[in-house]
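Some notes on the structure that comes next.
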Amino acid sequence: MILKGPYSAKLDKTGMLPYGAKVERRLTDLLEYFSDKDAVNKMLSGGENPIIYVVYEIGREMEGELNVGCTIIYPGKIGDEYYFTMGHFHVKETTSEVYFGISGEGMILMQDRKGNVFVEEIKPETIVYIPPGLAHRSVNTGKTELVFLAIYPSGSGHDYETVRKKGFAKLIVEKNGKPVIIDNPNYKGN
Ligand SMILES: [Fe+2]
């Protein structure tokens, strides 16, 4: 559905309605992003290909407009690593983004081109501002679905390729039942 002119949409922990597009990412879409390849292969060879997250999007086309997206990341881990979104830089480096937490507990990893990492919590009634130039990945560190709204300029574009090739410098893993931020041993740097 293309929403033209003014619109309103209902937003809650089950998603957003109406929406323009729904994107579903399964483990097979994120093969190269999770660090524990043995855990990935074990799940897939056992016939498991879980949905990691879905995004309900309302996109706009004109310069100066805003896109909105409601992301639901399911709870779970691949090895010790929590389920996460693929993560991306914006193609247009001057564009920023705002997240608003709706339900669940999580973290956002942000990283500049030099590999400096910044972390904020995603939680209900809280916004996170992502300044221009930072790649961003959201991680569900809780036991329920993590749901948040993202608002960003329509011309931002998504560069997934840089993250696919280099990874993030940090990983968020579970240790003794709690989320811990550790160095990514496979980070490719610059
Ligand atoms: Fe973004």
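No value in this document is a laboratory result; all are computed from the given coordinates. For clarity, every value in this text was computed on a predicted model and none was experimentally measured. Virtual Cβ from ideal backbone geometry, glycine too; neighbours counted across all protein chains shown.
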(message) What do you get for trypsin sites (Lys or Arg not before Pro) in region 99-190 restricted to DSSP loop and a cutoff of at most 10 other Cβ within 10 Å of the site's Cβ?
(response) LYS114, LYS143
(request) With 29 Å as the limit, write out which pairs from LYS4/LYS77; LYS143/LYS188; LYS42/LYS92; LYS13/LYS166; LYS42/LYS166; LYS42/LYS143 have Cα-Cα distances beyond it, or answer none. (result) LYS4/LYS77; LYS143/LYS188; LYS42/LYS92; LYS13/LYS166
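Under Stokes-Einstein, with the Kirkwood radius over Cα pairs standing in for Rh, what whole-number D in µm²/s applies to the chain at 10 °C and 1.306 mPa s?
Value of D from the Cα-based Kirkwood radius: 94 µm²/s.
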(message) Quick check on packing: order 69-80, 149-160 by the mean number of other C-beta atoms within 10 Å, highest mean leading.
(response) 69-80, 149-160
(request) Hand me the GluC sites (Glu not before Pro) from region 82-189 located in a DSSP loop with no more than 10 other Cβ atoms within 10 Å, in residue order please. (result) GLU125
(request) Using only Cα atoms, locate the centre of region 44-83 and the centre of region 114-188, then give the distance between them in Å, rounded to an integer. (result) 12 Å
(message) Please list, in order along region 109-116, the HN-Hα scalar couplings obtained from phi with the Karplus expression 6.51 cos²θ - 1.76 cosθ + 1.60 (θ = phi - 60°), rounded to whole Hz, x for Gly and Pro.
(response) 8, 10, 8, 8, 5, 8, x, 6
(message) What lysines does LYS10 reach when the alpha-carbon gap must be under 23 Å and sequence neighbours fewer than 8 apart in one chain are set aside?
(response) LYS22, LYS123
(request) Before anything else, pin down the relative contact order of the chain: Cα pairs under 8 Å, at least 6 apart, normalised by residue count, whole percent. (result) 22 percent
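Are there chymotrypsin sites (Phe, Trp or Tyr not before Pro) in region 1-76 that DSSP marks as loop and that have at most 12 other Cβ atoms within 10 Å, and which are they?
Answer in residue order: TYR7.
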